[in-house]
Amino acid sequence: MPFDPSPKVQELQARLNAFMDEHIYPNEKRHVEEAEKLGPWAVLPLIDELKPLAREQGLWNLFLPESEHGAGLTNLEYAPLCEIMGRSLLAPEVFNCSAPDTGNMEVLARYASPEHQERWLKPLLDGEIRSCFAMTEPDVASSDATNIQSSIVRDGDEYVINGHKWYTTNATDPRCKICIFMGKTDPENPNRHRQQSMILVPMDTPGIEVLRSIPVFGFYGMPDRASEVIFRNVRVPAENMLLGEGRGFEIAQGRLGPGRIHHCMREIGRAERALELMCRRALSRVAFGKPIAENGVTMERIAEARILIEQARLLTLNAAHRMDTVGNKVAKAEIAMIKVAVPNMTGKVIDWAIQAHGGGGTSNDFGLAAAYAMSRVLRLADGPDEVHRQQLAKMELRKYQ
C-alpha cells in the first residue's frame with residue numbers, strides 16, 4: 001500500500017509547515033510562560049491571537065472528514081498533517097484540531113439533532129467555544145468502562161444526572177460550554193454494554209461543580225486541562241440524549257477510534273521533534289573532549305529512534321488506511337496496535353532526548369518534560385495499554401479456537 005501524500009496533502013503540508021515556522025515554534029516559550037502564569041482556569045491570549053490566522057489561511061478543522069466544515073480529508077490524508085501539528089503542544093488547538101473537541105465534534109456531527117448541532121457543533125467548528133467529555137471516574141477502575149457508576153435517570157421530560165468524574169479534559173476552561181456525559185440509564189440490564197448512555201449537558205446547568213484542575217506530572221493546562229467535576233441532580237431536557245438510551249458504548253467506539261489514531265499521529269510528530277532536538281544537542285555539546293554525537297551510545301540511540309519512528313509511522317498509516325477502507329470497527333486490531341506501540345515509542349525517544357540534554361532536559365526549557373508527560377498520559381488515555389493488549393490477544397487466539 002503506497003502511503004505517499006497526494007498533491008492536495010503535499011500543498012497543505014507546505015502551508016502547515018510554513019505556519020509552524022512563522023507562528024508556532026517562535027511562540028512556544030510564550031505559550032509555556034502564559035500557561036504557568038495564568039493557569040488552567042484562564043484563556044491563554046496567545047491561542048486567541050493565532051487561531052484567526054490559522055483560519056484565514058485555510059488550516060482549520062483539517063481533522064473532520066466528509067464535511068463542508070472541514071477539509072474533507074480521509075484519515076490517511078490527515079495523518080501527515082496531524083503529525084506536523086503534533087510537533088508542538090501549542091499547535092493543535094490553534095488549528096481547531098485538539099482533543100477532546102475533535103472527538104466531541106464528530107459525535108455531534110454524527111448523532112446530535114439539527115438543533116443541537118446549531119447550538120453546539122457550529123460554535124465548536126468556529127472555535128468560539130470548547131467542550132469536555134466526562135467518562136472516567138475516581139471511584140472505579142474506568143479502564144473497564146462498564147464499571148461507570150454515574151446515573152442518568154428519566155424524570156418526565158428531563159433526565160437527572162448524578163456522578164463524580166475526573167480527567168474530564170477542558171472542564172476548567174472558561175470557554176468550555178458543553179459536556180458529553182456518559183452514565184448508566186439501565187444499570188440492571190443483563191447486557192453490560194447496554195447499560196450506559198451519553199447525554200449533552202450544558203456546563204452552566206445548576207448542579208455542576210468543577211472541583212479542581214488535575215496536574216499531569218506537575219503541568220497544569222498545557223495543553224491537557226484535566227479536571228475533577230461533580231454532577232449533583234443536574235437536570236437537562238430529555239432531547240439531550242444522544243442516539244437513545246443504552247447506546248453509550250456504541251457512540252464511544254465511534255468516537256474513540258478517530259481519537260486514538262489522532263493521538264498516535266501527533267505522537268509521531270512529537271517523537272520526530274524529540275529526535276531533532278537530540279541530534280542538535282548531540283552535535284553541539286562537548287564532553288570529555290569530543291561532541292557527544294561521537295559517543296557510541298548516543299549514535300546507537302539516534303539510529304534506534306529513527307527505526308522506531310519509521311515503524312510506528314507505517315503502522316499508523318496502515319491503521320488509517322484500514323479505517324478509511326473497511327471502517328473503524330473492522331480496523332479495531334490495527335487501532336489497538338498503534339495505541340500501544342506509538343506512545344511507548346515516543347516515550348522512549350523523548351527519554352533518550354532528555355538524557356542527551358543532561359539536567360536541562362528534566363526542566364521544560366527544551367519542551368521535553370511536557371512532551372514526555374503528555375506521551376506518558378497517552379498510555380492510559382482512551383484505554384490503557386493493558387486493555388488494548390488483552391483485546392489484541394483475544395482476537396489473535398480466536399484464529400486458532
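The values are calculated or read from the model by the stated rules, or taken from the named source; none is laboratory data. Note that the structure is predicted; figures quoted are calculated from it, not measured. Every residue, glycine among them, receives a Cβ derived from its backbone with ideal geometry; neighbour counts consider all protein chains shown.
Only one of the numbered conditions (1) closer than 20 Å to Ala305 by Cβ; (2) in contact (Cβ under 8 Å) with a residue 24 or more places away in the chain; (3) of a type outside the set (D, E, K, R); (4) surrounded by fewer than 17 Cβ atoms within 10 Å (Cβ to Cβ) is violated by Gly360, and that is (2).
Kindly evaluate Asp382 against the criterion of being under 24 Å from Thr136 (Cβ atoms), assigned to a loop (DSSP other than H, G, I, E, B) and either within 18 Å of the chain's Cα centre (by Cα) or modelled with pLDDT under 95 (or both).
In short, yes.
All conditions but one from (1) closer than 30 Å to Ala54 by Cα; (2) crowded, with 20+ Cβ neighbours inside 10 Å apply to Arg175; the one that does not is (2). Working only within the range 147-166, note down all residues that are closer than 16 Å to Arg192 by Cβ and among the polar types (S, T, N, Q). Within the range 147-166, Asn147, Gln149, Ser150, Ser151 qualify. For the range 116-132, the set of residues classified as free of Cβ contacts under 8 Å to residues at least 60 places away in the same chain and either farther than 24 Å from Leu53 by Cβ or buried (at least 23 other Cβ atoms within 10 Å of the Cβ) (or both) consists of Gln117, Glu118, Arg119, Leu124, Arg130, Ser131, listed by residue number.
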